[in-house]
Amino acid sequence: NEGLVGSKFDPLFVIEAIIDSNPSFSWLIIDKILEKDLKGITMPMLVFGPMESWMSRYAKDWIEFIEGEARVNLRFKRALGGLRQNQIDNSTWSRIEDAREAAWLASEPPDPS
């Protein structure tokens, strides 16, 4: 719904608010969206928005979790390929790069299957 985009009821705004206050719960939301998006339609929006916000805030403290999840969850490993470093420190970023698949080309997110 166009009226929701950019408003306080925008789903991405709501997820961002949860990310600010609760890393565990917000991760569950991100993971569930990734799991349910079987065709990969929302993967770029999820990765470039909430997932990148979450990683920028929490990757340093959650890096072991991120690495473990990438080993067992191919969809997550592919999603990591869309991340940019932004505010992630160099040491953590290096570990994310080692855990993920190749970085996405700007024009082509990977096949989600």
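The values are calculated or read from the model by the stated rules, or taken from the named source; none is laboratory data. The model shown is predicted, which means the values in this text are computed figures rather than measured ones. Reconstructed Cβ throughout: ideal geometry from the backbone, glycine too, with neighbour counts over all protein chains shown. Just so you know, the surface numbers come from the protein's heavy atoms only, side chains and all, with ligands and any DNA or RNA stripped out. Shrake-Rupley method; radii C 1.70, N 1.55, O 1.52, S 1.80 Å.
Side notes on the structure shown:
- FRET efficiency, 1/(1 + (r/R0)^6) with R0 35 Å, evaluated for A17 and L105 via beta carbons: 0.65
- Rolling a 1.4 Å probe over the heavy atoms of the protein chains gives segment 40-104 an accessible area of 50 Å² per residue.
- A Förster radius of 25 Å, combined with the Cβ-Cβ distance separating D89 from M45, puts the computed FRET efficiency at roughly 0.45.
- Seen from I63, the other residues with C-beta closer than 14 Å to its C-beta sum to a net charge of -2, counting Lys and Arg as +1 and Asp and Glu as -1.
- Projected onto its three principal axes, the C-alpha set of segment 44-86 covers 23, 22, 13 Å, listed from the longest axis down.
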